[in-house]
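Input: a single structure, listed below in structure tokens.
The values are calculated or read from the model by the stated rules, or taken from the named source; none is laboratory data. The structure displayed is predicted, hence computed values, not measured ones. So basically every Cβ, Gly included, is an ideal-geometry build from the backbone, and we count neighbours across all protein chains shown. When the accessible area is computed, the model is the full protein with side chains, heavy atoms only, and any ligands, DNA or RNA have been set aside. Shrake-Rupley method; radii C 1.70, N 1.55, O 1.52, S 1.80 Å.
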Amino acid sequence: MPKLTIDGIEVEVAAGSTILQAAEQAGIEIPRFCYHERLSIAGNCRMCLVEVEKTPPKPIASCGYPVAEGMVVHTDSPMVRKGRRGVMEFLLINHPLDCPICDQGGECDLQDQAMGFGADHSRYDENKRAVPDKNLGPLVKTSMNRCIHCTRCIRFITEVAGVPDLGATARGEHMEVGTYVEKALGSELSGNIIDLCPVGALTSKPYAFVARPWELAKVDSIDVLDAVGTNIRVDARGTEVMRILPRINEDVNEEWLGDKSRFSIDGLKRRRLDRPWVRENGKLRAATWDEAFATIAAKLKKVSGDRVGAIAGDLVDAESVLALKDLLASLGSANVDCRQDGAKLDASRRDFYCFNTSIAGIEEADALLIVGANPRREAPVLNARIRKAWLASGLPIGMIGTDSDLTYPVTNLGASAATLTDLHAGSHDFAKILTAAKKPMIIVGQGALARPDGSAILAAAWRLAAQVGALLQDWHGFNVLHTAAGRVGALDLGFVPGPNGKSADLMFSGGVDLLWLLGADEFDPSRIAAGTFVVYQGHHGDAGAQRADVILPGAAYTEKSGTYVNTEGRAQRGFMAVYPPGEAREDWTILRAFSAVIGKTLPYDTIDALRKRMEQVNPVFGRIGHLARFGCSDHAGPAGDPSVLSDAPLGSSVQNYYQTDPISRSSPTMAACVDAQSAPALAAE
């Protein structure tokens, strides 16, 4: 490891590091525009100039210059200051004076660095260059006059997102960044180029001219629109969420965020439930909380405990799930289920339903098999991690299913689940790749599990994992990819049918007389048998509310403090950014209040007391943010006969990425994305 001196500080860095990376390690700031630690080096902005002793007497771009033993670097010499001022002067020749109307104002790298490293005057008075704006779809707004050609957006879309939509045409001052042929960006991660753009050339189209950053209250939270558990920051003004940005978490999302999670926030304002409703004579009418509770209590008096059931939805927090489970237990009911789609998940052991490799562990795998999943649509941030592993090591990837629009090359092994049997028998070439790998990995999606033979597929995938060496003392290569943010937490709390309990399918088909839906919307409400009394507790007037006899207005994820467990089993916590609208309340408080009405008072009055109860049920809720990685010492598989596999083709559980939940289905921006993505297909027809 070479040692060098930067501004009098001696630092030892890894071989192959650049001067800029060494300076960061020494705590010395070097300005930059084109350089980004997660993208390839471009070296085209020339802002990161430094002076290196015993080299030709000229400033050197530190982002692309490798370190050497004994090197002496100066980052603030007269030569460096003069060079940086010259670069900044050139950048501002054509940059318009848009700061008062630019959405990047207040958080603009160009503003900050012009103040810190630029000059106090300019020698140019020629007319500025004019560049036509590009239409990149309904999410990203362009103002290409401001572009400084750093190419961060091009490198991100090509390298990380894996959809080479952006590029540059012409050269010099005639260079323009665009999509060659005008079309909407085709990536589910396109919003990240807004964060990457160091100037105001790329901004958020839905957020245009809405607010300034210093007006916003900023609250840390967790994204719940998929099961990755992306760390986010919710920016709010007053009672309204204005925008959502990613937070850095190297183990989960690095610093990326999916477009649905970033832009669907306008759905939080539409189709909201802000007061209780009670159905009378076939029609819903607005009611008070006391009336709603009294209606449910009167119905409960006529129903025995074993005829009461509850289903938890996809966006629910763990606190609400446990409160609902405890409420039904007090009524003598074991009819609880969090698998509204009928997924055949085995909750008897945690590694049967978790992404055991961990998201960061994807980069360690040397062979991957995907079964009945499309990570690009189901978990775009996780899909970017798979692509990162493929770029770094040429990771061989096999696919069983009908989806192939991924951002990395895959070997399609067939559409039928019976291919798992062929791999187990060694009659397929990809079986040799899995067996030869030191750390093979299998991902099973919800599209494979939410089928009549889901249990058989889960058992067959586990059997294959054991055979190819994916279940080792120091490596657990069996993974279940979830799409519902609340499901792993619900499974951890045992929100599945107990002894003599009924599953969601049985409850839908008339197995209960009173059905409590906690944010459950991802099903056809016509499946609920006639005569079933339905209580819907949630925040949007979606599928569940249509069938409800009583509606209890709950809080969305930005309006409460809640615990969520992501697909890899990591418990994380989000916090309240705004208050719920109208008379809506946090879900666990609704359940606590109702329990007192029926004389079954739940034993906690505060959220801290409820969280202590969660820890008693499962210690994982006492390790917020921490994920312990384990190998596999018990090869006994989940319940299911791996030989009973259907020939029906496997597919993803998510067909429309932009509309998968009540929030995104209520979002006009997501509807515009659906239209934009379907437009090219319609044109081709």
| request: Would you mind finding the one in G414, G372 that is at pLDDT below 95 and either crowded, with 24+ Cβ neighbours inside 10 Å or among the hydroxyl-bearing types (S, T, Y) (or both)? | output: G372
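Quick one: count up the residues across segment 322-335 that are in contact with a Lys or Arg (Cβ under 9 Å, 6 or more places away or on another chain) and either open to solvent by less than 10 Å² (accessible area, probe 1.4 Å) or in a loop (DSSP other than H, G, I, E, B) (or both). Show your work before the answer.
Residues of segment 322-335 in contact with a Lys or Arg (Cβ under 9 Å, 6 or more places away or on another chain): 322-323, 326-327, 330-331, 333-335.
Going one step further and asking which of them are either open to solvent by less than 10 Å² (accessible area, probe 1.4 Å) or in a loop (DSSP other than H, G, I, E, B) (or both), we end up with 322-323, 327, 331, 333-335.
Residues that pass the stated criteria total 7.
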| said: For the structure I just gave you, tell me whether A23 is over 29 Å from G162 (Cβ atoms) and assigned to a helix (DSSP H, G or I). | reply: yes
| task | For E319, state whether it is within 26 Å of Q572 (Cα to Cα), modelled with pLDDT of 95 or more and either touching a His at 6+ places or on another chain (Cβ under 9 Å) or not in a loop (DSSP other than H, G, I, E, B) (or both). | result | yes
| said: Consider segment 385-407. How many of its residues are open to solvent by 60 Å² or more (accessible area, probe 1.4 Å) and over 21 Å from S40 (Cβ atoms)? | reply: 3
| query | What strands (runs of 3 or more DSSP E) lie completely within segment 231-299 and have 2 or more residues being closer than 30 Å to F533 by Cβ? | reply | 277-280, 283-286
| note | Per the filter on segment 475-497, residues over 18 Å from Y564 (Cβ atoms) and open to solvent by less than 20 Å² (accessible area, probe 1.4 Å) are W475, H476, G477, F478, N479
| request: Could you run through segment 452-474 and say how many residues are touching a helix residue (DSSP H, G or I) at 6+ places or on another chain (Cβ under 7 Å), open to solvent by 10 Å² or more (accessible area, probe 1.4 Å) and under 17 Å from D346 (Cβ atoms)? | output: 1
| query | Only one of (1) within 29 Å of the chain's Cα centre (by Cα); (2) surrounded by fewer than 21 Cβ atoms within 10 Å (Cβ to Cβ); (3) among the small types (G, A, S) is not met by G426, so which one is it? | reply | (1)
| remark: All-but-one check, S62 against (1) among the polar types (S, T, N, Q); (2) surrounded by 14 or more Cβ atoms within 10 Å (Cβ to Cβ); (3) more than 41 Å from the chain's Cα centre (by Cα), failing number (3)
| said: Residue under question is A490, and the condition is that it be free of Cβ contacts under 8 Å to residues at least 40 places away in the same chain and either more than 30 Å from E319 (Cβ to Cβ) or under 26 Å from the mean Cα position of the chain (by Cα) (or both); does it hold? | reply: no
| task | Could you please let me know if E173 is of a type outside the set (S, T, N, Q), in a loop (DSSP other than H, G, I, E, B) and more than 22 Å from Y657 (Cα to Cα)? | result | no
| message | One residue is enough: does segment 536-545 have a residue meeting the conditions outside any strand (DSSP E or B), over 29 Å from K301 (Cβ atoms) and hydrophobic (A, V, I, L, M, F, W, C)? | response | no
| field | Count of segment 141-193 residues which are closer than 23 Å to A61 by Cβ and among the polar types (S, T, N, Q) | value | 2
| query | Taking interchain pairs and intrachain pairs at least six residues apart, which have beta carbon atoms under 7 angstrom, with the first residue in segment 574-599 and under 28 Å from A217 (Cβ atoms) and the second open to solvent by 40 Å² or more (accessible area, probe 1.4 Å) and part of a loop (DSSP other than H, G, I, E, B)? | reply | V578/T239; Y579/T239; P581/D274; G582/D274; G582/R275; E583/D274; E583/R275; A584/D274
| request: Please list, ordered by first then second residue, the pairs with beta carbon atoms under 9 Å, 6 or more apart or interchain, first in segment 407-430 and over 20 Å from R377 (Cβ atoms), second of a type in the set (A, V, I, L, M, F, W, C) and open to solvent by 60 Å² or more (accessible area, probe 1.4 Å). | output: none
| query | Do we find a residue being out of contact with any strand residue (DSSP E or B) (no Cβ under 9 Å at 6 or more places or on another chain), more than 30 Å from I194 (Cβ to Cβ) and without any contact (Cβ under 8 Å) to a residue 24 or more places away in the chain anywhere in segment 305-312? | reply | no
| Would a scan of segment 68-83 turn up a residue that is modelled with pLDDT under 95, part of a loop (DSSP other than H, G, I, E, B), among the hydrophobic types (A, V, I, L, M, F, W, C) and within 23 Å of I194 (Cα to Cα)? | no
| query | What number of residues within segment 628-678 satisfy the criterion of being more than 29 Å from R451 (Cα to Cα), part of a helix (DSSP H, G or I) and open to solvent by 50 Å² or more (accessible area, probe 1.4 Å)? | reply | 2
| request: Select, from A584, A577, the only residue that is open to solvent by less than 40 Å² (accessible area, probe 1.4 Å), touching a Pro at 6+ places or on another chain (Cβ under 6 Å) and assigned to a loop (DSSP other than H, G, I, E, B). | output: A584
| request: Filter segment 201-254 down to residues that are over 30 Å from A520 (Cβ atoms), surrounded by 19 or more Cβ atoms within 10 Å (Cβ to Cβ) and under 14 Å from the mean Cα position of the chain (by Cα), then give me how many there are. | output: 1
| message | Can you confirm whether Y207 is of a type in the set (F, W, Y), assigned to a loop (DSSP other than H, G, I, E, B) and over 13 Å from K134 (Cβ atoms)? | response | yes
